[in-house]
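Accompanying notes for the structure given below.
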Amino acid sequence: MKKQLEKLPFYNQMVLPYHLAQAVFATTKYHHPAKKLHVIGVTGTNGKTTTCFMIWQMLRSAGYKVGLMTTVAWGVDKLEPELGHMTTVDAMTLNRRIAEIKNQGAEFLVLETTSHALAEFRTLSISFEIAVFTNLTHDHLDYHGTLTNYRNAKGKLFKKAKFSILNADDPATKYYQTLAKKYITYGIKSGDYQAKNIEMTVSGVKYSCGDINIQTNIPGEFNIYNSLAASLVGQKLGLTPAQIEQGIASLPAVEGRMNIIDEGQPFTVIIDYAHTPDALEKVFDSVGSHKGRIISVHGGAGRRDPATRPIRGRILAKYSDIVIITEDDSRDEDPEVISQGFIDGAIKEGKILGKDLFKELDRKKAIELALKTAKKGDLVLILGKGHEKTILRKDGAHPFEDIKVARSILRSLNK
């Protein structure tokens, strides 16, 4: 019944009073758990999780007790995996977990903050000391309706925060500047703080910003932006340049974000969570120097903005030598229908079914096909699910991890 109601026009607005009541009840039940915590909220379409992990690791490295809540995991010193396919969890769970984090002695909380959470009052009781904006691109229009509504929902964070750190290279920042109480900007092309002397390799990025020299273990231009935002959080909180540099450099990786899978095979395998047009573009840009073939495995989730499917299909086709369209979290939507949007986009970009474009709706078989097709010097990109531990089908959640599946197949191929 709920699924049928959710398809009604304006359903999301109709249930806002319920979300507000739930947020008030949860906050009261757990005695305003965010009170006295220094909360850093990170929002944007892409880069939120990695930026959160960089801030968390940087503050921990500097000797602080720090809580973390992201798409991937939550906790303080020992992180628990986030299994619910939700970034900012419902108000009740959110407040309960914040209470647990506070009881563990945390001084800071780094909270990945989504537009859904802001629109549905989940963060109602939280006072944000710092708000970070990564970027804004086409996403979640199935929920918000328009890009303007999506932008405005995120804007609620900057109205609440005492101080904002904004990506000057993103057009939405001009709007957020009108909402923020105080702010600074960062970027590569513009901003109060700009990355200079940039070096990018397959293993990470290096650059300088004033008297700070940043080095990450995660590749891609987007991680210049992510780490630059994290470093500005450190500066705002009074960390020294050495603490900022050492903290960011000490983060080895973020699960499901540009993870290189090495089981001794003669080709490269990378797994990433990219599932929006902009995120896909950024992944392909980060591997643009690769000389061999690129084989991509990707699919789309059900009950999510269908307009992005042909767009993503075209992006995959443009940058990949071979494209394999597969399943993602189809939920109650027909995987055949979902996949057709991607196939249509890929065909428009020049790919031919059965030649350099394939459909395999069993995700494990799709990954196996990619790995068996790969030759020495190739690059296999397994995109869309990243860190996730399950795949959601019509009959419910099934255990599935891209990283584990890829490793298992590679080991069997190497025997």
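Let's see how each residue does on (1) charged (D, E, K, R); (2) within 27 Å of residue 291 (Cβ to Cβ); (3) assigned to a loop (DSSP other than H, G, I, E, B); (4) assigned by TED's automatic domain parsing to the domain that holds residue 280:
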position: 330; (1), (2), (3), (4): no, no, yes, yes
position: 338; (1), (2), (3), (4): no, no, no, yes
position: 347; (1), (2), (3), (4): no, yes, no, yes
position: 397; (1), (2), (3), (4): no, no, no, yes
position: 404; (1), (2), (3), (4): yes, no, no, yes
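In this structure, does residue 179 turn out to be assigned to a helix (DSSP H, G or I), among the hydrophobic types (A, V, I, L, M, F, W, C) and in contact with a Gly (Cβ under 9 Å, 6 or more places away or on another chain)? Taking the combined requirement at face value, the residue does not satisfy it. How many of the residues in the range 185-223 are closer than 14 Å to residue 257 by Cα, touching a strand residue (DSSP E or B) at 6+ places or on another chain (Cβ under 7 Å) and either among the hydroxyl-bearing types (Ser, Thr, Tyr) or free of Cβ contacts under 8 Å to residues at least 40 places away in the same chain (or both)? Counting residues in the range 185-223 that are closer than 14 Å to residue 257 by Cα, touching a strand residue (DSSP E or B) at 6+ places or on another chain (Cβ under 7 Å) and either among the hydroxyl-bearing types (Ser, Thr, Tyr) or free of Cβ contacts under 8 Å to residues at least 40 places away in the same chain (or both) gives 3.
For the list (1) within 19 Å of the chain's Cα centre (by Cα); (2) outside any helix (DSSP H, G or I); (3) at pLDDT below 85, I need the number of the one condition that residue 116 fails. For residue 116, the exception is condition (2).
Taken together, the residues in the range 36-80 that are part of a loop (DSSP other than H, G, I, E, B), more than 21 Å from residue 119 (Cα to Cα) and of a type outside the set (Asp, Glu) amount to 9. If you go through the range 161-213 and keep only what is under 20 Å from residue 41 (Cβ atoms) and of a type in the set (Val, Ile, Thr), you end up with 165, 173, 178, 184, 185. Residue-level check: of (1) under 22 Å from residue 250 (Cα atoms); (2) of a type outside the set (Gly, Ala, Ser); (3) touching a residue at least 40 places away in the same chain (Cβ under 8 Å); (4) out of contact with any strand residue (DSSP E or B) (no Cβ under 9 Å at 6 or more places or on another chain), residue 78 misses just (3).
Checking each residue in the range 294-311 for being under 21 Å from the mean Cα position of the chain (by Cα), surrounded by 20 or more Cβ atoms within 10 Å (Cβ to Cβ) and either closer than 19 Å to residue 379 by Cα or of a type in the set (Asp, Glu) (or both) picks out 296, 297, 298, 299. Hey, any hits in the range 127-142 for a residue that's part of a helix (DSSP H, G or I) and either more than 19 Å from the chain's Cα centre (by Cα) or in the same structural domain as residue 75 (by TED's automatic domain parsing) (or both)? Yes, the range 127-142 contains a residue that is part of a helix (DSSP H, G or I) and either more than 19 Å from the chain's Cα centre (by Cα) or in the same structural domain as residue 75 (by TED's automatic domain parsing) (or both). Within the range 374-386, one or more residues are in contact with a helix residue (DSSP H, G or I) (Cβ under 6 Å, 6 or more places away or on another chain), closer than 16 Å to residue 325 by Cα, modelled with pLDDT of 95 or more and assigned by TED's automatic domain parsing to the domain that holds residue 296. Among the residues of the range 88-125, those that are among the β-branched types (Val, Ile, Thr) and either touching a Pro at 6+ places or on another chain (Cβ under 8 Å) or over 16 Å from residue 150 (Cα atoms) (or both) comprise 89, 93, 98, 101, 110, 123. Considering only residues in the range 253-267 that are assigned to a loop (DSSP other than H, G, I, E, B) and of a type outside the set (A, V, I, L, M), the one that is surrounded by the fewest Cβ atoms within 10 Å (Cβ to Cβ) turns out to be 264. When each of 87, 49 is tested for being among the hydroxyl-bearing types (Ser, Thr, Tyr), modelled with pLDDT of 85 or more and closer than 23 Å to residue 135 by Cβ, the lone residue that passes is 49. Which of the residues spanning the range 194-215 are β-branched (Val, Ile, Thr) and either assigned to a strand (DSSP E or B) or within 17 Å of residue 247 (Cα to Cα) (or both)? Answer for the range 194-215, where residues must be β-branched (Val, Ile, Thr) and either assigned to a strand (DSSP E or B) or within 17 Å of residue 247 (Cα to Cα) (or both): 198, 201, 205, 212, 214. Scan the range 374-385 and give yes if some residue there is more than 24 Å from the chain's Cα centre (by Cα) and buried (at least 20 other Cβ atoms within 10 Å of the Cβ), otherwise no. Yes, the range 374-385 contains a residue that is more than 24 Å from the chain's Cα centre (by Cα) and buried (at least 20 other Cβ atoms within 10 Å of the Cβ).
Criterion first (in the same structural domain as residue 265 (by TED's automatic domain parsing), part of a loop (DSSP other than H, G, I, E, B) and in contact with a Pro (Cβ under 7 Å, 6 or more places away or on another chain)) does residue 355 satisfy it? No. Counting only residues that are within 21 Å of the chain's Cα centre (by Cα) and buried (at least 16 other Cβ atoms within 10 Å of the Cβ), the range 235-252 holds 4 of them.
Residues that are in contact with a Leu (Cβ under 9 Å, 6 or more places away or on another chain) and buried (at least 19 other Cβ atoms within 10 Å of the Cβ) within the range 93-114 comprise 94, 98, 101, 102, 106, 108, 109, 110, 111, 112, 113, listed in sequence order.
Being surrounded by 18 or more Cβ atoms within 10 Å (Cβ to Cβ) and either on the phi > 0 side of the Ramachandran plot or assigned to a strand (DSSP E or B) (or both) is a description that does not apply to residue 283. If you go through the range 328-360 and keep only what is β-branched (Val, Ile, Thr) and in contact with a Gly (Cβ under 9 Å, 6 or more places away or on another chain), you end up with 337, 338, 343, 347.
The values are calculated or read from the model by the stated rules, or taken from the named source; none is laboratory data. These numbers come from a predicted model, not from an experiment. Cβ sites come from the backbone with ideal geometry, for glycine too, and all protein chains shown count toward neighbours.
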